[in-house]
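Below you'll find the structure, written out as structure tokens, and then a few comments.
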Amino acid sequence: MVDQLKATDFRRSVPANFEFWHSQSTFSDPSVRDKQLAILQAFEEHIQHLSSSDYRGDIPIIDVDEVSVTQFRKEFDHTKRPCVVLGICRDWPAVKNWSIDNLLNDKTYQDISVTCGVDRQGKSLNLPCAEFVRYMLDQQDVNPLYVFDQSLSKEGHQFSVDYRPHHFFADLFAWPQSNNPKWLLLGPARSGSCMHTDPMATSAWNALLHGRKHWVLFSPDFNGEFIRTGKGDLRTGVREVGGMMMAMQHPQDIAVWWFLNVLPVIKQRLQSEMGCEAKDGVWGTVNFKDGDWSDGNGDAHPSGMIEFIQEAGETIFVPGGWWHAVLNIENTVAVTHNFCSTGNFSEVFQSVCETDIGMGEMFLNHIKTQLTTEDPALRTELVESAENILELTRFLAGR
């Protein structure tokens, strides 16, 4: 494999303003060439290992046609329990329309501009969709460009009309001023996201239409330094509600590096310090013997690590506060939303108020005047919770 890679021209077929990515992620610098080749070879070995094992773990798998919205909220949303959901995207036009071949050749999509990175000045880098797909098919980069495009937030945008979020993930934060993130994801093999929690304590759902993704999740009581670097204390004993840790300043902030070099260290420490063991070389779900973590409301939630492969057609539910990293092990097409539900409303509203009290006031007004619910008592409960949080925030801010 290495000989084959050495004989390849790794220049990107992208415009000139993308050249700095070439210097970072390809083999133009002889001093790092061997290290980069080693990473590519290690990635191929990683893929072979995943293919030879059943990486489904013990993560719950449910079918959207067999579980009611009430059941989902009770068993997963309110208990902060991750799960795989089947059938969410079964009837979406996006399944056909967003195939690699269609994005490359269909005139409806091929010229749509997508955001695939930032330049040295922090400005968005954009390419026509078809041009990015060509890059995705041809690239051999260690740290490839990755489309995280927010066009789905634009009403009537071509991509946004091809799918519909499920009622499982009804978003209380869905009002014009909120700008809650909705992303189109085009991920080449080896691209991904480093270890992070989602902003504003929001939960997330990620529907994979094509390809495969390797996921690792950690419950909120883990120490962020440990799961990001393999160093420091394993757990904090308290929930860490926070934002994204994606500064991209160190090797562990690159997804493929973290999966190949940091994750094995973390597993080793879990085994030696916590007595956790893999089953047939597969970690699946690790639940700690010393109990659950508390969300501060007196409610206990599962504690541990979850590792699994997401297959095409599956949707992952990631509760707010759960750490997660994702590696695209094939070329992938996906859609993901962050959202606020009845299960994480208090945490999200508090985070919003701490960031911007004015935004919190608008959020409360939205709940009072615009929220439609079949349960009037629920609206009353949400309003009372929001008013208490807002009052405390104002007091602490001296307002």
field: Projected area, mean over directions - region 94-174, Cα convex hull, nm²
entry: 7.1
Karplus-derived 3J(HN,Hα), 6.51/-1.76/1.60, for each residue of region 114-128, Hz, glycine and proline x: 10, 8, 10, x, 10, 8, 5, 8, x, 8, 5, 9, 10, 9, x
query: To the nearest 10 Å², what's Lys80's accessible area with a 1.4 Å probe?
result: 10
- prompt: Given a 1.4 Å probe, how much area per residue of region 299-360 is accessible, in Å²?
  reply: 20
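In square nanometres and to one decimal, what's the mean projected area of the convex hull around the Cα atoms of region 336-391?
Details: hull surface 16.5 nm².
Quarter of the Cα hull surface area: 4.1 nm².
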- request: Please tell me which of these pairs span more than 26 angstrom C-alpha to C-alpha: Lys182/Lys368; Lys96/Lys213; Lys35/Lys231; Lys123/Lys267; Lys96/Lys182?
  value: Lys123/Lys267
field: Extension gain (nm, one decimal) between Met274 and Ser113, 0.36 nm per residue minus Cα-Cα
entry: 53.2 nm
task: Can you give me the three principal axis dimensions of region 131-233 from its C-alpha atoms, in Å, biggest first?
output: 47, 40, 22
task: Identify, among Phe363, Ala377, Thr342, the residue whose Cα sits farthest towards the positive end of the charge dipole of region 298-399, taking +1 on the Cβ of Lys and Arg and -1 on the Cβ of Asp and Glu, with the dipole about the Cα centre.
output: Phe363
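The values are calculated or read from the model by the stated rules, or taken from the named source; none is laboratory data. The shown structure was predicted, so the numbers you read here are calculated from the model rather than taken from an experiment. Note: ideal-geometry Cβ built from the backbone for every residue, glycine included; neighbour counts use all protein chains shown. When the accessible area is computed, the model is the full protein with side chains, heavy atoms only, and any ligands, DNA or RNA have been set aside. Shrake-Rupley method; radii C 1.70, N 1.55, O 1.52, S 1.80 Å.
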